[in-house]
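Undergrad: My questions all concern the structure below.
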Amino acid sequence: MSPATGADLSPETLSSILDCLLPLLADYFDYTPDRWRRLKHELVAPSLVCKHWAEAIRPILFRRLALRNVEDVQFLKDIVYSPRFAISSLFRAVKWIEIHQEATEARSWLHHVHGLSTRLQKTRFKCIVMSRTDDLASMTGRWAPFDSIPSVTPSYVRLSVLTLNGLVFTSTTELARLVDNFSTLEDCFCDQLTFLDPLPVFQSRRIRRRAPLAFSRCRIQQCKGMAVSVQAALAADILAAARRMGLDEHTWDTALQALLVLVPNTFDSTPVYLNNQNGSMFDAVRIECRPLGQGVSINDSINIDVKVCRPSVDRGAESPFAHISSIALGLSFADVEAVDTFNWDVLRVVVDSPHMRCLRINYFVSHGGVKRILCSVLRRTQLTWALESGKLQFGYRYGDGSVTSADILSVPTEHTVDDTTITLDIAEQAEWLLYPVLRRYPGRTTREEYVRQLVAERTSRVSKDTGSEIVPSTADSTPYTAVD
């Protein structure tokens, strides 16, 4: 049997083999630009083996391209506008094009990309703008790509992602107006920006146009002299979160400011996501808060999920605005005592609304912090008003089960198993309540099994000659801690 050659395998088969060998190569977000460049360099040699291998590998090499000057744009235009391009294997190969610009460039060339976006209708474009200067007084870090070309607007360029790093803006409104103009934008990421006027966005000065339906994520982080709560509010403003969820501005601002009080000032990053798109509107928003840099726990985070409900037109609602129906807080802290600093009372004005159904506190890495909060609720030292309203819940972030206010108010302190009665301390009551919603492990399924485990642990410590049927709590000895 003669050995197989490249000609014996179809381009589709070769492409499938290469995709199996490099399954993540097609995933844009899994590779940094440097790592992507190295991988492409490693594929150049195999692409030169024969024309069959070249046909299979060339589309992979063209999946993600980078443009760094107007000459790059023109070179790529020459390729995509050539007569043979439409029938070549490259026609649908280009998935992403990155446009790299520096704010210090004498003249922007972003508008030249329009010809490419017209030709490559299935390709997504990402613009990355950076400033490498710290001289704020000279405004050399300012990026205004269309000031010198008044006849061209940002909507002329079909961008999916805009990344701004180290730039200077005269005001937050200037940033909002710039983002508003990119009519196809999906994501906006802003790092280490400087605002000469840090006042909130003047909504009246923004361009009155319909927000792009796909624009759903905005992250603003590590901006000079700007608190994390201000960055989160700015990201929500740029997304026009209140308007696109149908909320009254005052209702949204009150809820947002109350929720951001819970975020430690050591946190730096607060990306805002609009979720659950329903036509031109969204039914939910998520704010993910976490610290960055050295000396912090990578597991520390607060995820805020706010859901809204809209009045039914058929029922003749008194107000045309949507209402906040639920708030879920996903908490994760390496130091569980961090939750002791939360000022829960700031949420009362939001939770007391008659339209609010629940305030849910979730864990998603370790349940120690949530258990600590539940213990304070059982002691009636925190969140008593939420408990008595019947709206307080606890659970696992990715689970459907809940510990409700009714469960907490009726939690039993004594349990009898096989004629042995035990009394649960506060920590054990909290563990007993949370047991059904904890992530499933072998041997951890029901509250009854948890009580049996407690009985076994306590009876092993009780002297055989006591003969007592009342087994004391372990609160004063070694407290029980569930393995998470």
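Undergrad: Could you count how many residues in the range 96-123 are part of a loop (DSSP other than H, G, I, E, B), under 15 Å from Ala66 (Cβ atoms) and modelled with pLDDT under 85?
TA: So the first thing to find is which residues in the range 96-123 are part of a loop (DSSP other than H, G, I, E, B), and the list is 103-109, 120-123.
Filter once more, keeping what is under 15 Å from Ala66 (Cβ atoms): 109, 120, 123.
With modelled with pLDDT under 85 added as a condition, the list becomes 109.
Adding up the residues that qualify gives 1.
Undergrad: Name every residue in the range 409-421 that is among the hydrophobic types (A, V, I, L, M, F, W, C) and closer than 18 Å to Leu378 by Cα, in order of residue number.
TA: Initial filter on the range 409-421 (among the hydrophobic types (A, V, I, L, M, F, W, C)): 409, 411, 417.
Across the range 409-421, the qualifying residues are Leu409, Val411.
Undergrad: I've got another one for you. Among the strands (runs of 3 or more DSSP E) confined wholly to the range 318-421, which include 2 or more residues that are in contact (Cβ under 8 Å) with a residue 60 or more places away in the chain, surrounded by fewer than 17 Cβ atoms within 10 Å (Cβ to Cβ) and touching a Gly at 6+ places or on another chain (Cβ under 8 Å)? Spell out how you get there, then give the answer.
TA: Working: elements: 323-332, 358-363, 392-396, 414-417.
Per the criteria, no element qualifies.
Undergrad: Right, something else. Of all residues in the range 267-308 being assigned to a loop (DSSP other than H, G, I, E, B) and within 11 Å of the chain's Cα centre (by Cα), which is modelled with the highest pLDDT? Quick ask: steps written out before the conclusion?
TA: Of the residues in the range 267-308, the ones assigned to a loop (DSSP other than H, G, I, E, B) are 267-268, 270-271, 279-280, 291-300.
Going one step further and asking which of them are within 11 Å of the chain's Cα centre (by Cα), we end up with 270-271.
Working: Thr270: 88, Pro271: 93.
Checking each candidate, the answer is Pro271.
Undergrad: Filter the range 183-197 for residues that are crowded, with 17+ Cβ neighbours inside 10 Å and among the charged types (D, E, K, R) and give the result. Don't jump to the end; show me each part of the working.
TA: Here is the first cut: in the range 183-197, the ones crowded, with 17+ Cβ neighbours inside 10 Å are 183-191, 193-195.
Glu186, Asp187, Asp191, listed by residue number.
Undergrad: Is there a residue in the range 459-473 that is at pLDDT 95 or above, surrounded by fewer than 16 Cβ atoms within 10 Å (Cβ to Cβ), small (Gly, Ala, Ser) and in a loop (DSSP other than H, G, I, E, B)?
TA: Restricting attention to the range 459-473, the residues satisfying the condition of being at pLDDT 95 or above are none.
No; the residues of the range 459-473 include none that is at pLDDT 95 or above, surrounded by fewer than 16 Cβ atoms within 10 Å (Cβ to Cβ), small (Gly, Ala, Ser) and in a loop (DSSP other than H, G, I, E, B).
Okay, residues lined up against (1) part of a helix (DSSP H, G or I); (2) of a type in the set (Ser, Thr, Tyr); (3) modelled with pLDDT under 75:
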position: Ser16; (1), (2), (3): yes, yes, yes
position: Asp34; (1), (2), (3): yes, no, yes
position: Glu42; (1), (2), (3): yes, no, yes
position: Pro46; (1), (2), (3): yes, no, yes
position: Ala56; (1), (2), (3): yes, no, yes
position: Pro59; (1), (2), (3): yes, no, no
position: Val73; (1), (2), (3): yes, no, no
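The values are calculated or read from the model by the stated rules, or taken from the named source; none is laboratory data. Keep in mind that what you see is a predicted model, and the values were worked out from it rather than measured. Glycine also receives a Cβ, built like all others from the backbone with ideal geometry; neighbour counts cover every protein chain displayed.
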